[in-house]
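Some notes on the structure that comes next.
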Ligand SMILES: *Cc1c(COP(=O)(O)O)cnc(C)c1O
């Protein structure tokens, strides 16, 4: 038995089955590559699902972890630590928010946002305003896996097995201004959205839809919550994807790339919204510990020092242009979209998308597929043109082979393991 086979057998016996994994065992990483147990190197365009923004073996992350782990990892939120305020200064400045609450994951950041919005509506009611408790959320959205966040997540497979989910969530058709207007009323306490949907297939809101959400919320005192867990912190070439629209939310959430692979989430809001929480209303054991805060500060400082936002925008533009010219040669690609290094190539069949992910993995290039037909690219921010060229050449080969023998390829894809996330 190989090492991989031993682990597969042990996991099949010991783990609660929540993932269908690809049969690959990664043991190390270096820059934009992951390395398997045989020493084979894979070009990584998934980054641990948008987490490893600075790639692997990044010196500033290693040093921050080493330094802080030798000093203090955690002492609880009963006391002050000397790293949290430094990080708070940075994330509030980058998002244009006033205050922050730190947690440990994306879904926790969303839970805090939802609780803030409900509590804020309560404050407004006490002040005599007419405002309800309902959330408007978008079709194709993804906000996480805990009860509040699945209640805001559109796909039924995430919600139905766990019914009843949290009441008070209504889904609005994506980018449908008329539907948004029809469903908005003073029953609504907040509109939760991703300015660029991630798991939903890398789909940006229209300017008109986002602006209407902002205007409707302003008309009643309801809040706009922008979930930036995937698109935020530079992924799209700006610190927050809502900054492409020039629209400021009242609450925003960060997580995936925040602490360079150490779990961390953040919920940020305006001073107006922050009034709704007081000591004891919300909290966490681990959130905002000195280790995670020190690493996140190092990540943000590195992105600023290396001017990586401009790099992300530049490489992302090049990547999209290369995908568009690939689409001219292969009509399987029906759309290319995204911003910065959050890019999707929409294919004309789910079978082909699954096949392409498997074939790319065989060629040692890691991509994934989301919303069935979208090939998604979330490479580290340190990606270079040469890496884009390698990716495009591998895609070209996969589509060319598929064109020669599509039926054979589809059968292989269906029998191969590895289900995609989302
Ligand atoms: C991944 C993701 C989440 C959930 O984050 P977890 O850390 O997996 O809980 C929430 N919102 C968006 C937009 C995401 O991409």
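The values are calculated or read from the model by the stated rules, or taken from the named source; none is laboratory data. Nothing here was measured: the structure is a model prediction, and the numbers come from that model. Every residue, glycine as well, gets a Cβ built from its backbone with ideal geometry; the counts of neighbours run over all protein chains shown.
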Exercise. Do we find that residue 263 is surrounded by fewer than 24 Cβ atoms within 10 Å (Cβ to Cβ) and within 11 Å of the ligand (Cβ to nearest atom) in this structure?
Worked result: yes
Seminar exercise, completed: Within the range 49-68, restricting to residues that are more than 16 Å from the ligand (Cβ to nearest atom) and surrounded by fewer than 19 Cβ atoms within 10 Å (Cβ to Cβ), the one that is nearest to residue 200 (Cα to Cα) is 57
For this session: State yes or no: is residue 233 assigned to a loop (DSSP other than H, G, I, E, B) and touching a strand residue (DSSP E or B) at 6+ places or on another chain (Cβ under 8 Å)?
Result: yes
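For residue 188, are the conditions met, namely being farther than 12 Å from residue 138 by Cβ, out of contact with any helix residue (DSSP H, G or I) (no Cβ under 9 Å at 6 or more places or on another chain) and crowded, with 23+ Cβ neighbours inside 10 Å?
no
Return a yes/no flag: does the range 13-23 have any residue that is surrounded by 14 or more Cβ atoms within 10 Å (Cβ to Cβ), in a strand (DSSP E or B) and away from the ligand (no atom under 16 Å from the Cβ).
No, the conditions are met nowhere in the range 13-23.
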Exercise. Can you pull out the helices (runs of 4 or more DSSP H) entirely within the range 97-181 that have at least 1 residues that are closer than 16 Å to residue 224 by Cα and in the same structural domain as residue 246 (by TED's automatic domain parsing)?
Worked result: 106-126, 147-151
Problem set entry | residue 235 being modelled with pLDDT of 95 or more, in the same structural domain as residue 136 (by TED's automatic domain parsing) and under 24 Å from residue 312 (Cβ atoms) | yes
For this session: Scan the range 371-390 for residues that are out of contact with any helix residue (DSSP H, G or I) (no Cβ under 8 Å at 6 or more places or on another chain), buried (at least 18 other Cβ atoms within 10 Å of the Cβ) and at pLDDT 95 or above and report the count.
Result: 2
Exercise. Does residue 71 qualify as being surrounded by 11 or more Cβ atoms within 10 Å (Cβ to Cβ), at pLDDT 95 or above, not assigned by TED's automatic domain parsing to the domain that holds residue 390 and not in a helix (DSSP H, G or I)?
Worked result: yes
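Filter the range 214-234 down to residues that are touching a residue at least 12 places away in the same chain (Cβ under 8 Å) and either away from the ligand (no atom under 16 Å from the Cβ) or surrounded by fewer than 20 Cβ atoms within 10 Å (Cβ to Cβ) (or both), then give me how many there are.
Filtering the range 214-234 down to residues touching a residue at least 12 places away in the same chain (Cβ under 8 Å) leaves 214, 216-217, 220-234.
Now restrict to residues that are either away from the ligand (no atom under 16 Å from the Cβ) or surrounded by fewer than 20 Cβ atoms within 10 Å (Cβ to Cβ) (or both): 214, 216-217, 220-223.
Residues that pass the stated criteria total 7.
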Exercise. In this structure, is residue 256 assigned to a loop (DSSP other than H, G, I, E, B), in the same structural domain as residue 69 (by TED's automatic domain parsing), touching a helix residue (DSSP H, G or I) at 6+ places or on another chain (Cβ under 9 Å) and more than 29 Å from residue 78 (Cβ to Cβ)?
Worked result: no
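Out of all the residues in the range 323-333, is one or more away from the ligand (no atom under 16 Å from the Cβ), in a loop (DSSP other than H, G, I, E, B), within 30 Å of residue 221 (Cα to Cα) and touching a helix residue (DSSP H, G or I) at 6+ places or on another chain (Cβ under 8 Å)?
No - not one qualifying residue is present in the range 323-333.
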For this session: Go through (1) farther than 30 Å from residue 66 by Cα; (2) within 19 Å of the chain's Cα centre (by Cα) one by one and return the number of the condition residue 322 breaks.
Result: (2)
Exercise. Does residue 292 fit the bill of being out of contact with any strand residue (DSSP E or B) (no Cβ under 7 Å at 6 or more places or on another chain), crowded, with 20+ Cβ neighbours inside 10 Å and in the same structural domain as residue 89 (by TED's automatic domain parsing)?
Worked result: yes
Problem set entry | Single residue of the range 266-283 satisfying the filter (buried (at least 18 other Cβ atoms within 10 Å of the Cβ) and outside any loop (DSSP other than H, G, I, E, B)) that is farthest from the ligand (Cβ to nearest atom) | 274
